[in-house]
Amino acid sequence: MSDFVLIDGDLAMFMPNFGAAVVVVRPGTLSGSGPGKACGKAICVDGDEGGVSVPGCVYLTPQYSIPGTGTLSIDSLAGDQKAAKTKTGDKAVLLKGSTFTAKFEVQSPAMQPPPGPGSPIPDSTTQYSGSGQFVTTNFTVKAG
């Protein structure tokens, strides 16, 4: 089944729920590296999703209520987000598809308020898993 081709400047929109963590998300931007063009912009190909990185996002959990920060990125694509047949420059074209797997890597851990006097307790989890979707400005070129 065909879907819209992702192009340079399209967005990766992350969902705020990352397991126990809730992240104040911001979109990531795709940079197309394929030689082919759609809508006058470079087409995104397999591997371009690895360049999406959104640092400085705030998070917290029910247990760790003092916010921490981290970086959002794309962990893996869904099967319908990589074209099975369509390629440009020997790489599969990326498609809007359904939902990708996202990861949130903690840079500065959220903290738990101390039960009494003393220092706050840091979150020991270094990475959380979540999801997201692509938003494209291409509504004309499809591939499969």
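Taking one quarter of the surface of the convex hull spanned by the alpha-carbon atoms of the range 4-87 gives a direction-averaged projected area of 6.0 nm².
Taking every C-alpha pair closer than 8 Å and separated by at least 6 residues, the mean separation divided by the residue count of the range 80-138 gives a relative contact order of 33 percent. When +1 charges are put on Lys and Arg Cβ atoms and -1 charges on Asp and Glu Cβ atoms, the dipole computed for the range 3-136 relative to its Cα centre reaches about 220 debye. Annotation: lysines with alpha-carbon distance below 26 angstrom to Lys85 (same-chain offsets under eight excluded): Lys37, Lys41, Lys96, Lys142. At full extension, Asp75 and Cys39 could sit 10.2 nm farther apart than now, given 0.36 nm per residue minus the alpha carbon distance. Using C-alpha pairs below 8 Å separated by at least 6 residues, the relative contact order for the chain is 31 percent. Considering only Pro113, Thr136, Ala38, and ranking their Cα positions along the charge dipole of the range 3-136 that arises from unit charges at the beta-carbon of Lys, Arg, Asp and Glu, the one farthest toward the positive end is Ala38. In the range 64-144 the Cα-Cα distances spread across 5 Å bins starting at 0 as 3, 13, 16, 15, 12, 10, 9, 7, 6, 4, 3, 2, 1 percent of all pairs. Computed from Cα atoms alone, the Kirkwood hydrodynamic radius reported for the chain is 16.1 Å.
Each value in this text was obtained by applying a stated rule to the coordinates, not by laboratory testing. Just so it is clear, the model here is predicted, and its values are computed rather than measured. Cβ: placed from backbone, ideal geometry, glycine included. Neighbour counts: every protein chain shown.
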